[in-house]
Protein chains: 2
Amino acid sequence: MSGQRATIQDVAHQSGVSVATVSRALRGKENVADETRARVIAVADRLGYQPHTAASWLASGKTMTVGVAAPYFDVWYTGRVLAGVEQVLSDAGYDLTVYAADTPDKRDRFAARSTSLQTRVDGLLLVDFSPDTGQLARLEASGIRIVAIGERLEPFASLAIDNISTAAEAVGHLVGLGHRRIALFGTEDIRTIGSPALTDRRTGYREALLGVGLAADPGLDIDCPLSVAGGAAGFDRFLRIPDRPTAIFCLSDETAMGAMGRARELGFSIPADVSIIGFDDHDLSESFGLTTMCQPVRQVGERAAELLLASIADPAAPCEHHTVGVELVVRRSTCPPATSAEA
Amino acid sequence: MSGQRATIQDVAHQSGVSVATVSRALRGKENVADETRARVIAVADRLGYQPHTAASWLASGKTMTVGVAAPYFDVWYTGRVLAGVEQVLSDAGYDLTVYAADTPDKRDRFAARSTSLQTRVDGLLLVDFSPDTGQLARLEASGIRIVAIGERLEPFASLAIDNISTAAEAVGHLVGLGHRRIALFGTEDIRTIGSPALTDRRTGYREALLGVGLAADPGLDIDCPLSVAGGAAGFDRFLRIPDRPTAIFCLSDETAMGAMGRARELGFSIPADVSIIGFDDHDLSESFGLTTMCQPVRQVGERAAELLLASIADPAAPCEHHTVGVELVVRRSTCPPATSAEA
DNA sequence: CTGAAAGCGCTTACAG
DNA sequence: CTGAAAGCGCTTACAG
């Protein structure tokens with residue numbers, strides 16, 4: 001309680017043993033007499049001794065810390081991933097240091113720090129990072145163990161859903177209901193940062209249309225941000241499309257809910273006037289009655305953390321890509337188009 | 001790029017100066033000849049030298065990292081706070097290490113580590129931590145600079161909204177519309193963990209009712225979790241209340257949206273059949289048309305981080321409590337009761 | 001403006 | 001089972 005921290009020296013003196021023995025006793029190493037260990041532990045408790053973090057790191061070369069670089073911590077997806085990651089890591093005794101990597105500039109600075117990160121974390125989780133060539137080179141050179149989430153990223157281990165087939169299944173659901181003109185909401189990040197996940201989803205959208213002999217019409221792309229506000233603004237633009245589409249595929253649930261909210265505000269009825277399908281299965285999607293593709297986000301975080309832990313424990317662990325399953329959840333926001341013959 | 005990290009020694013040798021000079025040159029300290037500095041920087045760049053994190057920490061006593069303990073990273077509130085915190089800290093050159101403190105057990109373990117945290121972070125942000133006496137004592141004894149978010153927590157600096165008056169204003173809105181029987185959703189955490197923030201909100205609810213001469217009826221408390229699922233389940237129980245209330249005050253927007261979703265699913269019309277008001281102004285509340293109390297969560301995170309930075313820079317900085325303003329946002333989920341004389 | 005040296009507080013072979 | 005000693009890689013007075 002008094003001013004100074006107790007050091008391992010203090011514990012050693014008061015226990016009548018060397019600092020080496022204190023170190024072994026406190027960290028549960030073998031080759032310490034039971035009686036000695038008990039005495040050391042008692043003294044350490046009394047003194048409130050806890051090892052100096054930096055001194056341990058420096059001497060042992062381990063930090064018991066994992067870094068997570070992710071875009072925005074206030075989006076639903078990132079929060080869920082983080083929750084899964086945190087649970088697995090804290091159970092394993094690791095701390096979690098987070099890095100916002102939402103802009104190209106921040107990703108650059110992050111990658112540039114990689115040599116120093118090597119002595120700051122035992123491993124790194126990259127969420128939708130999509131490094132460019134230079135960034136990837138630095139990351140590789142750092143020698144840090146890395147697991148990527150949301151994309152395949154050789155030569156590292158990775159974990160992701162199949163965005164192409166998942167998007168194709170979503171659009172296939174609409175096509176199956178009879179829709180032929182289907183708008184695509186949320187492509188802004190494809191244009192601005194070239195997000196691979198979103199690009200793949202658009203590819204799946206196009207493939208599904210091609211599968212029934214329809215060419216994708218660029219006039220149906222609504223280039224709005226992937227957010228609630230983006231979806232709301234997107235709906236206003238959607239209304240100005242000539243020969244209005246009967247359905248909308250949104251690249252995220254937040255976008256979809258923003259669009260639905262705006263639609264209802266304007267007096268449109270969903271799905272009677274327009275069908276909407278999302279992508280994620282956000283916590284609120286059920287309340288919105290939103291049909292969507294459910295991806296197990298939290299489990300993705302957990303599994304990625306486990307992969308990283310395995311790689312830390314065994315540097316020779318294989319660096320494979322793992323695909324995560326997704327499933328269609330049909331709710332009330334989709335139905336056959338009003339003009340459709342069948343109904 | 002080859003196997004080994006470069007050390008300050010390597011840079012010193014190749015620059016023909018001492019390690020002390022390298023240290024000064026690279027960290028922008030004064031008293032280094034321009035020409036020397038330039039040479040050192042060039043060598044450091046060529047070698048890809050970056051200081052060993054733990055060695056710097058140990059020698060300097062600073063970690064340039066801040067810890068944040070918060071309940072659940074996948075709830076909207078925490079994510080927003082974190083985003084605000086992260087922005088301010090990363091701009092100031094600090095890293096952010098997060099600790100989930102969602103259970104009493106985790107909070108205990110966290111507080112017990114405080115001596116070692118003292119050498120791991122330069123400061124701590126506690127989000128809705130509500131330490132018990134023992135935990136608070138440990139936190140204090142650690143000597144770590146701390147700023148509390150969401151509650152007053154002497155002797156530390158803190159930042160919070162006034163939950164009592166804010167809740168009273170929300171309920172006052174309903175009362176002003178003519179409602180007299182108003183249910184309260186989301187009290188589970190009051191019973192289980194005794195959350196001070198939620199307890200205050202309930203107090204505000206009761207005070208607002210008392211203000212118009214109404215005694216709070218415990219039969220109108222719906223003891224459900226503060227979540228989307230909690231609100232949905234709560235609505236089912238709400239329907240079984242005899243002499244059904246005409247309005248609902250939910251202790252969070254997520255609870256409110258869960259209730260609204262369930263209500264609509266069951267064919268109820270909001271607000272015609274029942275008015276609902278929330279608390280937060282969640283990103284999706286506008287899309288839901290939810291009337292609520294808007295608290296500037298992201299700014300709370302930013303301001304708390306600034307307070308902490310100030311306290312790190314100047315240990316003598318005052319430890320005051322700061323109150324954050326909240327405002328009523330009226331949307332479509334509230335209206336006068338159907339039975340009300342005025343309308 | 002620069003260097004030699006002490007020191008930060010641990011962990012880890014190596015002897016015994 | 002235990003201790004002495006080296007070493008982890010920096011930063012910071014202190015001299016000069």
Worksheet item: What is the Rg over Rh value, at two decimals, for the protein assembly as shown, using alpha-carbon atoms and the Kirkwood definition of Rh?
Response: 1.01
Practice prompt. Could you tell me, in Å, what Rg and Dmax come out for the Cα atoms of the range A:6-101?
Written response: 18.2, 54
Response to the item:
If the label point sits 7 Å along Cα→Cβ of A:R27, residues of the range B:52-83 with amide N under 19 Å come out as B:53-59
Practice prompt. Using the 7 Å Cα-to-Cβ label point, sort the distances from A:A55 to its equivalents in the other copies shortest first and give them in nm to one decimal.
Written response: 1.9
Worksheet, complete the sentence: Restricted to chain B, the DSSP antiparallel beta bridge percent, nearest 5, is 10 percent
Worksheet, complete the sentence: Per residue of A:74-83, other chain Cβ atoms within 10 Å number on average 6
Discussion item. Taking 2.2 N^0.38 Å as the expected size of a compact globular protein, what ratio does the Cα radius of gyration of the range A:257-314 give against it, to two decimals?
Written reply: 1.72
Worksheet item: Can you sort A:S15, A:S269, B:S18, A:S90 by how many other beta carbons sit within 10 Å, fewest first?
Response: A:S269, B:S18, A:S90, A:S15
Discussion item. Compute the helix-to-body angle for A:76-91: its Cα long axis versus the longest principal axis of chain A, expressed 0 to 90° and rounded to tens.
Written reply: 30 degrees
Discussion item. Below 19 Å, Cα to Cα, which lysines can A:K62 reach? Residues fewer than 8 away in the same chain don't count.
Written reply: A:K29, B:K62
Worksheet item: Could you give, in nm with one decimal, how far A:D108 is from each other copy of that position, shortest first, with labels 7 Å out from Cα toward Cβ?
Response: 5.0
Worksheet entry | Cα-based helix-to-principal-axis angle, B:163-177 vs chain B, degrees rounded to 10 | 30 degrees
Discussion item. Can you sort A:R145, B:R191, B:R298 from fewest to most other Cβ atoms within 10 Å of each residue's own Cβ?
Written reply: B:R191, B:R298, A:R145
Response to the item:
Taking every residue of A:256-266, the Cβ atoms of other protein chains inside 10 Å of its Cβ average out to 3
Item to complete: Calculate, for B:A310 and A:D105, the FRET efficiency according to 1/(1 + (r/R0)^6) with r their C-beta to C-beta distance and R0 22 Å; round to the nearest 0.05.
Response: 0.25
Item to complete: Using label points projected 7 Å from each Cα along Cα→Cβ, tell me how many nm separate A:L328 and B:A112, to one decimal.
Response: 5.1 nm
Discussion item. Between A:A92, A:A55, A:A70, where does the largest GNM mean-square fluctuation fall for chain A, given springs only between Cα atoms within less than 10 Å?
Written reply: A:A55
Practice prompt. Among A:R201, A:R24, A:R237, B:R107, rank each residue by its count of other Cβ atoms within 10 Å, from fewest to most, as a rough exposure measure.
Written response: A:R237, A:R24, B:R107, A:R201
Worksheet item: Can you pull the mean other chain C-beta count within 10 Å for peptide B:87-100?
Response: 4
Worksheet entry | Dipole magnitude of the range B:57-202 about its Cα centre (Cβ charges: Lys, Arg +1; Asp, Glu -1), debye to nearest 20 | 200 debye
Practice prompt. Sort the following peptides by mean Cβ neighbour count (other Cβ atoms within 10 Å, averaged over residues), highest first: B:26-34, A:311-319.
Written response: A:311-319, B:26-34
Worksheet entry | Area projected by the alpha carbon convex hull of the range A:125-277, averaged over all directions, nm² | 9.6 nm²
Worksheet item: Using Cα atoms only, what is the angle between the long axis of helix B:196-211 and the major principal axis of chain B, expressed in degrees (0 to 90) to the nearest 10?
Response: 30 degrees
Discussion item. Kirkwood Rh and Cα-based Rg: tell me the resulting Rg over Rh for the range B:78-149, rounded to two decimals.
Written reply: 0.95
Worksheet item: To one decimal in nm, how far is A:T203 from the same spot in the other copies, if labels go 7 Å from Cα toward Cβ? Please give the shortest first.
Response: 5.8
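No lab work stands behind these numbers, since they all come straight from the coordinates. Owing to the predicted nature of the structure, the values given are computational and were not obtained by experimental measurement. Here Cβ is always computed from backbone atoms with ideal geometry, including for glycine, and neighbour counts include all displayed protein chains.
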